[in-house]
Amino acid sequence: RESVVSTLSLETPTKGPDQIERWLSDISGDMRVYASIFHAQRISTLDVLAELTERDIEASIEPEIQFVGHRVLFRRHLNMLREEHGVVATPNKHGYLSHDSPAQSSRTASP
């Protein structure tokens, strides 16, 4: 069974608001109504979405997602998206998760 994330990576344009709208629609047809949340925050590509910190999500995204079930679906698919993009969650000194892409991790790795 092919994941939604894999399918989107192959078929979705790399730029533009349609990328977020399509990702949300592929999660559930009901989720497309939340596209305006991402557009208001200037999140228009899946790579930017994958790199949002927990603080960003908790402050700016999740409060706008009306239903608990939709928040669960959003989190589940965000985790798959992060995995697809190689984004690794690590706690920072304040206990918030931050995310490093493979390129960022290699710059900060010690010898």
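A few notes on this one:
- When the helices (runs of 4 or more DSSP H) confined to the range 16-111 are screened for residues that are open to solvent by less than 60 Å² (accessible area, probe 1.4 Å), modelled with pLDDT of 90 or more and not charged (D, E, K, R), those reaching at least 1 such residues are found at 17-27, 35-40, 46-50, 68-84.
- Neighbours by Cβ (under 6 Å, 6+ apart or cross-chain): first from the range 67-88, within 11 Å of residue 28 (Cβ to Cβ); second part of a helix (DSSP H, G or I): 73/27; 77/27
The values are calculated or read from the model by the stated rules, or taken from the named source; none is laboratory data. These numbers come from a predicted model, not from an experiment. We place every Cβ from the backbone using ideal geometry, glycine too, and count neighbours over all the protein chains shown. Heads up: the accessible areas ignore ligands, DNA and RNA and are worked out on the full protein's heavy atoms, side chains in. Shrake-Rupley method; radii C 1.70, N 1.55, O 1.52, S 1.80 Å.
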